[in-house]
Amino acid sequence: MLELADVHTYYGESHVLQGITLGVGPSEVVTILGRNGMGKTTLMRSVIGFTPPRRGRVSFKGDDVTRWPSFRLVARGMALVPQGRRVFPSLTVKENLDVARHGRGGRWTLARVLELFPRLGERARNRANNLSGGEQQMLAIGRALMTNPDLLLMDEPTEGLAPLLVREVGRVLGELKREGLSILLVEQNLSLALSVADRVHILSRGQIVHSCGPGELRSNEEVKSRYLGVA
Amino acid sequence: MSGEFWITQAFNGLSYGALLFLLASGLSLIFGVMRIVNMAHGSYFMLGGYVGLSVVWRTGSFAAALLAGALALALVGVGMERFFLRRLPGQTLGQALMTIGFALIFQDLALLIWGGDPYSIPVPATLQGVLTAGALRFPVYRIFIVVVAVVIGAALWLILDRTRVGAMLRAAVDDREMAQGVGIHVPRISFAVFALGAALAALGGVIGAGFLGVYPGADFEVLPYAFVVVIVGGLGSLPGAMVGSLLVGLLDNFGKALFPELSYFTLFAPMALILALKPTGLFGRA
Ligand SMILES: Nc1ncnc2c1ncn2[C@@H]1O[C@H](COP(=O)(O)OP(=O)(O)O)[C@@H](O)[C@H]1O
Ligand SMILES: [Mg+2]
């Protein structure tokens, strides 16, 4: 599905990703962990084409997509739930979902997204900037699903949410995984991250410093305290 | 001062505001979608007027002049966007300098082709009369300008507010990067907005040539007005361009009528005041 080979990404002179190699297979959930500022968001930006890598290669469904514009990647089946939600504030909830629909066809329709997030249906005619943080997060996920992706990139979807809503996001993640979606997930909530992950990579200063299965990480106190600040 | 004075000046301000709206709505949308400060926007207005003039000389048709002016400048605008501005993505200053370069080139080209004399576009007889109501006199041509602006403003509003394409455009104004990230083909929208903005400015130029005339320097004369409209109304906002145009049209007219020696002051002082109170303009968002 997705392959990164020796990806180096810069902001101007600042060399943030320093040779990332990883893969996400069909129906696989891969989770990226790491402290703040280690390059997790930059990794997502490199994949979706916001900040294309300067060196290395990103391939998606067999195509070299390293320098593709984002809208082309989305048309090919990639979608992003960005950190901080980034819903379109001046659009209504329904418009936010509508603009992401692109004749690709598939399982996700407006009706199904509203079924997954009934709250969005109740607020369909509200402007997105009037939503609560939790509702905005649902909208950001729903918007990504409207593009009918095969690979979903999710950057800290539970950031700043109350525990109840964190569980709600966990439920949705589980459901998407059961549907067979491939997911590349950045998540700070360790228990949630480990509950859905098939594979975990730990990012530190732009490099992958440890890769393992979720079970192994649960018991590896040394890695947890060294790279995640978990006691 | 009599009631007639106020009504007449308000009407003149309204019709000038209507003309400004044709000019400024495109400028605002172009900035909103592309973050380009288009210093050549006044050139579209002037060149539209000149192209219209040539077409009227050839064909005698005012309608053909409107159409030809709008189409010709849509092509010019699209060419600028596609082959030049798009090469400097995200470089606000570079793009602004480039549009200044274009404006200067257009100025010289116009001088070369149409010479330095001022001209006026002959308007059709049906638009020439004056409607009177008691002591009040309303030139039909100015009513025509208001009608054109209202029709175009309503059409733009319907498209922007009620259609999916309009929502896509607003999404690109809100967050250009994320719009691409949900699959919106933003370059195509930029292309369309540049074509539309240039065409509307040119339409304003042809119409404006019917009562202001067309002459060298018209480009840089209208440009500050368009910028005041956009800044007061809020960058990238269509309702902002509507309200801003009306406000600037009225202020300019009353300013010139009441305090002719202070006309720039009466225009720019309220602008400074609005910006001090609401830095994003009346309808703009941070
Ligand atoms: N737009 C940017 N310009 C310059 N530096 C940036 C930018 N975005 C992030 N960085 C820097 O890149 C590094 C990685 O940031 P980021 O990918 O956001 O980390 P994370 O998502 O893991 O918290 C940080 O040092 C951050 O300061
Ligand atoms: Mg981040």
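What is the helix-to-structure angle for B:41-59, meaning the angle in degrees between its Cα long axis and the longest Cα principal axis of chain B, kept from 0 to 90 and rounded to the nearest 10?
The angle comes out at about 60 degrees.
Which value, in Å², gives the accessible area per residue of the range B:38-93 when a 1.4 Å probe is used on the protein heavy atoms?
45
Given the C-alpha centroids of the range B:176-206 and the range B:72-116, what is the distance between them in whole angstrom?
16
Using only the alpha-carbon atoms, how far is helix B:238-258 inclined from the longest principal axis of chain B? Give it as 0 to 90 degrees, nearest 10.
With both axes taken from Cα atoms, the answer is about 30 degrees.
List the equivalent ellipsoid semi-axes of the range B:17-216 in whole Å, largest first, each obtained as the square root of 5λ for an eigenvalue λ of the Cα gyration tensor.
31, 22, 13
Okay, helix-only estimate at 222 nm for chain B: each DSSP H run of n ≥ 4 adds -39500 (n - 2.57), divide by all residues, round to 500 deg cm²/dmol; what do you get?
-25500 deg cm²/dmol
Residues of the range B:148-167 that become at least 10 Å² less accessible with every protein chain present than in their own chain isolated, using 1.4 Å: which are they?
Buried by the other chains: B:Asp161, B:Arg164, B:Ala167.
For chain A, find the longest principal axis of its Cα atoms and tell me its angle to the long axis of helix A:133-146, 0 to 90°, nearest 10.
The angle comes out at about 90 degrees.
Kindly identify residues of the range B:179-210 having a loss of at least 40 Å² in accessible area between the isolated chain and the assembly of all protein chains, probe radius 1.4 Å.
Buried by 40 Å² or more upon assembly, which counts only protein chains, are B:Gln180, B:Gly181, B:Val182, B:Gly183.
Pick from A:Val200, A:Val172, A:Val81 the residue whose mean-square fluctuation is largest in a GNM of chain A, springs joining Cα atoms under 10 Å.
A:Val172
Using a cut-off of 19 Å between alpha-carbon atoms, which aspartates and glutamates can reach B:Lys256, once sequence neighbours fewer than 8 places away in the same chain are excluded?
Within the straight-line limit of under 19 Å, B:Lys256 reaches these aspartates and glutamates: B:Glu4, B:Glu221.
Provide the buried accessible surface between chains B and A in square angstrom, both chains summed, 1.4 Å probe, rounded to the nearest 100.
1800
Loop only by DSSP, 15 or fewer other Cβ within 10 Å of the Cβ. Give me the GluC sites (Glu not before Pro) in the range A:74-180 that pass, ordered by residue number.
Those satisfying the criteria are A:Glu179.
Of the beta bridges DSSP finds with both residues in the protein assembly as shown, what % are antiparallel, to the nearest 5?
60
Which order do A:Val30, B:Val151 take when ranked by solvent-accessible area (1.4 Å probe, heavy atoms of all protein chains), largest first?
These residues rank, largest area first, as B:Val151, A:Val30.
Roughly how many percent of the accessible protein surface of the range A:1-114 is carbon and sulfur, given a 1.4 Å probe and a whole-percent answer?
Values: 2230 of 4440 Å².
Here it works out to 50 percent.
Order B:Thr163, B:Thr99 by their accessible area, 1.4 angstrom probe, all chains in place, largest first.
The ranking, largest first, comes out as B:Thr163, B:Thr99.
When a/c reaches 1.5 or more, the comparison of a/b and b/c decides; with that in mind, is the range B:194-286 rounded, prolate or oblate per its Cα gyration tensor?
Cα axes put the range B:194-286 in the oblate bin.
What whole number of Å gives the distance from the Cα centroid of the range B:238-260 to the Cα centroid of the range A:76-118?
The range A:76-118 and the range B:238-260 have Cα centres separated by 41 Å.
For the range B:17-216, give the percent of accessible area contributed by carbon and sulfur heavy atoms, probe 1.4 Å, rounded to a whole number.
Roughly 70 percent, rounded to a whole number.
Ratio to report: Rg/Rh of the protein assembly as shown, with Cα atoms as the point set and Rh obtained by the Kirkwood method; give two decimals.
1.08
Can you bin the range A:52-203 into rounded, prolate or oblate? Criterion: square roots of the alpha carbon gyration tensor eigenvalues sorted a ≥ b ≥ c, rounded for a/c under 1.5, prolate for a/b above b/c, oblate for the rest.
Taking the square roots of the gyration eigenvalues as a ≥ b ≥ c, the range A:52-203 is oblate.
Accessible surface of B:Leu160 in the full protein assembly, 1.4 angstrom probe, to the nearest 10 Å²?
So the heavy atoms of B:Leu160 present about 20 Å² to solvent.
For the range A:163-218 and the range A:1-72, compute the distance between their C-alpha centroids and round to whole Å.
So the separation of the two Cα centres works out to 17 Å.
The values are calculated or read from the model by the stated rules, or taken from the named source; none is laboratory data. Since we're looking at a predicted model, the values are computed, not measured. Glycine also receives a Cβ, built like all others from the backbone with ideal geometry; neighbour counts cover every protein chain displayed. Calculation scope for accessible area: heavy atoms of the full protein, side chains included, ligands and nucleic acids excluded. Shrake-Rupley method; radii C 1.70, N 1.55, O 1.52, S 1.80 Å.
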